[in-house]
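Novice: Structure below; questions to follow.
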Amino acid sequence: LKKKKIFLNLKEKKKKKKKKITILTPNRYLIRNDQFYVFSDDEEKKFRSKLTNKKEYQRQLFLFNDLFLIGKPIKDDKLTLIKMCAAEALTYLETEPHGILFILKFFHHLFTSLFLIDLIDFFSFLIFFQKKDGYHRFYLRNDLPGNPSFIVATQSPEVKSHWKTQLKLVREQVVKKRNEKEKEKKLMENPELYHKLKNVIFFFLLFCFFF
């Protein structure tokens, strides 16, 4: 993805002024930018209704390496920023009934083992038990206290799969960087161990260079 400046109109409730903010910084890059339908559990029934205008729930979701944004479309192809949080605070959760899926997986494995052929189209079961309105849903949960979960829906199973993968990678990278910083901090707190390790690395590189 090309790095470019993304501007969002931020409406300040108190001052009632529009202010442009720059999202991208030198250390931040965009991972995913997709359009979804976002709603709460209480709005699920209304969203599924054929009489509901789905545009009411349209949102633009931005996933950066360290930031997550939700924008609401307004006039002139602009977005109003309605939610912002750290990307690592988000957890991906499935909305399908896990108990039923577990039973289906068990029988699928049983039939496959007994007859040595795949007699059951497992994915047909998944489609049968999913909501039959053409939308693929998942939960986005903010692990920070006081932030409720919300449902995200898309008509593309590929987009859903990409978000599942990328959200997991973002969390893993953040945890990895945090652990590395803690190790560095411990080494700096123990100068003797730091210098010993430094000498070991130096002699190892020297050995590799000559041999």
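Just so it is clear, none of the values below were taken in a lab; they were calculated from the coordinates. Given the structure is predicted, the values throughout are model-derived calculations rather than measurements. All Cβ positions, even for glycine, are placed from backbone atoms using ideal geometry, and neighbour counts span all protein chains on display.
Novice: Can you give the FRET efficiency for Gln58 and Glu184, using 1/(1 + (r/R0)^6), R0 = 41 Å, r = Cβ-Cβ distance, to the nearest 0.05?
Specialist: So, using R0 = 41 Å, E works out to roughly 0.40.
Novice: Enumerate the amide H contacts of Ile23 below 5 Å, restricted to partners 5 or more residues apart or on another chain; note that Pro and chain-start residues carry no placed amide H.
Specialist: Ile6
Novice: Let me ask you something else. Do any of Lys55/Lys83; Lys45/Lys72; Lys83/Lys176; Lys50/Lys78; Lys54/Lys75; Lys54/Lys160 go past 23 Å between their Cα atoms, and which?
Specialist: With Cα atoms farther than 23 Å apart: Lys83/Lys176; Lys50/Lys78.
Novice: Follow-up. Please list 3J(HN,Hα) in residue order for the stretch 153-168, calculated via the Karplus relation 6.51 cos²θ - 1.76 cosθ + 1.60 where θ = phi - 60°; whole Hz, with x for glycine and proline.
Specialist: Values per residue, Gly and Pro as x: 10, 9, 8, 10, x, 5, 4, 4, 5, 4, 5, 4, 5, 5, 5, 5 Hz.
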